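Report on one structure; see the data block that follows.
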Amino acid sequence: MKSFKPVFKPQFNSSQPLKIIPLGGVGDVTKNMYVYEYGDDIIIVDCGVGFPDEAMPGVDLVIPDISYLRSKIDKIRGIIITHGHEDHIGGLAYIWPELQVPIYTQKLTAGFIRAKFTEHNLPKDKIIEVKFDQKLDLGNFKISFYMVSHSIPDSMGIVIKTPQGCVIHQADFKIDWTPVSGQVTDVGAVAKLGSEGVLLLLIDCLRVEKAGFNKSEKSIEESFEKASNETAGKLLITMTSSNVSRMQQAINVAKKHDRKVAIVGRSFENNFQVSRDLGYLHVPPGIMIAPEAISSFDPAKLLVLIAGAQGQSDSSLTRAANEEHRFIKLREGDSVVFSADPIPSTESAQNALIDSLSRLGVTVYYSAVNSSLHVSGHAALEELRLMVNLIKPKYLFPIGGTYRHMEAFSKMAQDMGYDKKQILPAEDGDIIEIRKDDIKLAGKVEVQNVYVDGLGIGDVGHVVLRDRQKMSEEGVVVVVVSMDSHTGRLVSDVDVISRGFVFEEMAKDLLEDAKRLVKETLEKHTHKSADWRFDRKIIEDVLEKFLYKATERRPLILPIIVEV
């Protein structure tokens, strides 16, 4: 292959290096957060959340560690948000109160952030809308933007001009010539930047293993329509709750098939309302109904958009699958469409949810049996090659993927003519120093997961931040139950063990009451199939509330279910 020659024409020169420090999003698909530092000026790009896995009991969300920034808050000129997905905005409600700096982003993303800040009782005056043709001067950083396609409108690439040269931060994107939103990746602007010279390109690499190009987002509507035709009862569609384009396509299908639409799940409801209010969703009059009205309609005339595509244990869809939802009662003849692939770490949760739905006799559509149900919002291999060829950066930094994705991206770039030394193998916490003629890893800041847990499901008023040390100070309550692996029935007494919470000999009555409460709660589910994730969640919920009311302490609840 002909050797690739990046076009780099540095416009600046300085003795100080530009520093880039990823606090999340490298080697990880979630909790994206990147610090750019030059002299006395800092900007931050994105502030997302991650999601707990099986090794994080009692944890609702994971957010980036901002310890490095605490002594530098007066240097932070602003936070720039690339788009409105949770792994890019979800950490703001927890991190921004400590930073309190301006937040710059596009209109729809700003609307999502305002809704979150309202929910958390935070001021919204520093959420600033920007347009694609707008420029910002943030100290030593000269910022501009360009439009990209993604699975949510108002996604953008960020151009960061520094005294060392031009850096492009390209988070999630794809090359879609017929997007539902009408927002096509501005390849002309990208090519112009490439001709002017780009020092470094940070680029999302999550789908580098997918050959070719992605299908257009518009192809999803046909799959929704096919599922509607094949469904005699209710049609439930679950997806990422901020996937506005896919919401629109579901509404289009509902109108065509004379189905009413209900929105179920707080995240869905909030994002739907914001998108509708700002004009990003076009909803025919008379088509929407309230969730509590679902039981009043013929199931064949219903389409429900419901939260829980990743199998989250506290989601509306998981509760419906376990026959615990107030408004959704699933029956044979109903269908559930998963229009979202699992993100890494949630595969087992999504599979468990699909099993639970299947046991109810519900028809389940998901990617393993129908690949046309989900179109990725992330660039596939040829789209990545196109973007790199247009921008022609001197150095490359793959972000937003796991280590295997970063390695596959490195191989792709080397096949295109890049030297391996031009491709950064960074990790979260690495300090990257960049000069116009050199780029290197120059140390590391300590970063660790910071956990968010809450008392109750979505009880925002009681949300607290805790790291592992805080959890250990509150104590641990271990609940051991033996259950039939097929029916989910209890087969022996519940055992509750306290460590660092209350002295067992002095709190026998409290622990006996806790045992009875767990037993009564689980016995309510004896007519249902086994779903260990859901059972663990309801044990955590009832004990958290009970123990806090009795002691005003929040120990870590660790349910252990022994399958018999």
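For the chain, the residue among Gly279, Ser67, Ser482 whose Cα projects farthest onto the positive side of the dipole built from Cβ charges is Gly279.
Farthest towards the positive end of the charge dipole of the stretch 102-204, among the residues Leu138, Ala189, Ser149, is the Cα of Leu138, using unit charges on the Cβ of Lys, Arg, Asp and Glu.
Which FRET efficiency value, to the nearest 0.05, do you get for Glu407 and Asn351 by plugging their Cβ-Cβ distance into 1/(1 + (r/R0)^6) with R0 = 22 Å? Efficiency at R0 = 22 Å is approximately 0.25. Across the stretch 295-309, rounded Karplus estimates of 3J(HN,Hα) from the backbone phi angles (6.51 cos²θ - 1.76 cosθ + 1.60, θ = phi - 60°) give 5, 8, 10, 4, x, 5, 10, 10, 10, 10, 8, 10, 7, x, 5 Hz, Gly and Pro being marked x.
If I model the stretch 235-277 as equal point scatterers sitting on the Cα atoms and use the Debye formula, what is log10 I(q)/I(0) at q = 0.18, 0.27, 0.34 Å⁻¹? Here the Debye-derived log intensity ratios amount to -0.48, -1.06, -1.38.
Per the helix-only calculation at 222 nm, which mean residue ellipticity applies to the chain, given -39500 (n - 2.57) for every DSSP H run of n ≥ 4 and division by its residues, nearest 500 deg cm²/dmol? Rounded to the nearest 500, the figure is -8500 deg cm²/dmol. In units of the rule-of-thumb radius 2.2 N^0.38 Å, the stretch 217-372 shows an alpha carbon radius of gyration of 0.94. Modelled label positions at Lys256 and Phe132, each set 7 Å beyond Cα in the direction of Cβ, lie 2.7 nm from each other. Distance between Cα centroids, the stretch 143-160 to the stretch 259-293: provide it in whole Å. So the two Cα centres are separated by 26 Å. Using only side-chain charges placed at the Cβ, +1 for Lys and Arg and -1 for Asp and Glu, the dipole size of the chain relative to its Cα centre rounds to 1660 debye. At most 13 other Cβ atoms within 10 Å plus a DSSP loop assignment makes a site exposed; report the longest stretch of the chain without any exposed trypsin sites (Lys or Arg not before Pro). That would be 332-523. Residue-wise HN-Hα couplings along the stretch 80-90, as the Karplus relation 6.51 cos²θ - 1.76 cosθ + 1.60 with θ = phi - 60° gives them from phi, are 10, 10, 6, 6, x, 7, 4, 6, 10, 10, x Hz; Gly and Pro carry x.
Against the chain, whose longest principal axis is taken from its Cα atoms, helix 347-359 shows a tilt of about 40°.
Relative to the longest principal axis of the Cα atoms of the chain, the long axis of helix 220-230 lies at roughly 20 degrees. Cα centroids of the stretch 23-43 and the stretch 391-458: how far apart, whole angstrom? About 10 Å separates the Cα centre of the stretch 23-43 from the one of the stretch 391-458.
Computed from the Cβ-Cβ distance with R0 of 56 Å, the FRET efficiency linking Met288 to Lys515 stands at 0.80. Summary value for the chain: 17 percent relative contact order, contacts being C-alpha pairs under 8 angstrom separated by 6+ residues. The C-alpha atoms of the chain occupy a region whose extents along the principal axes are 72, 60, 47 Å, arranged from largest to smallest. Determine the gain in length on full extension of the stretch Ser295-Val184; use 0.36 nm per residue of separation and subtract their C-alpha separation, reporting nm with one decimal. Value of the extension gain: 35.9 nm. Taking only Cα atoms, what is the 0 to 90° angle, nearest 10, from helix 508-523's long axis to the longest principal axis of the chain? Once rounded, one gets 90 degrees. Taking Lys and Arg as +1 and Asp and Glu as -1, the other residues whose beta-carbon sits under 13 Å from that of Ser151 total -3. Sites listed here are GluC sites (Glu not before Pro) in the stretch 301-354 whose DSSP assignment is loop and whose Cβ has at most 11 other Cβ atoms within 10 Å: Glu332. Between Ser371 and Glu552, the simple spin-label model (points 7 angstrom out along Cα→Cβ) gives 6.0 nm. When only alpha carbons are used to place a centre, the stretch 345-367 and the stretch 102-118 end up 33 Å from one another. Model label sites at Ala191 and Ser15, defined 7 Å from Cα along the beta-carbon direction, differ in position by 4.2 nm.
For the chain, the residue among Gly78, Ala293, His88 whose Cα projects farthest onto the positive side of the dipole built from Cβ charges is Gly78.
Laboratory data are not the source of any read-out in this text; all were calculated from the coordinates shown. Everything numeric in this text was worked out from a predicted model, so none of it was measured. For neighbour counting, all protein chains shown are included, and Cβ atoms are generated from backbone atoms with ideal geometry for every residue, glycine included.
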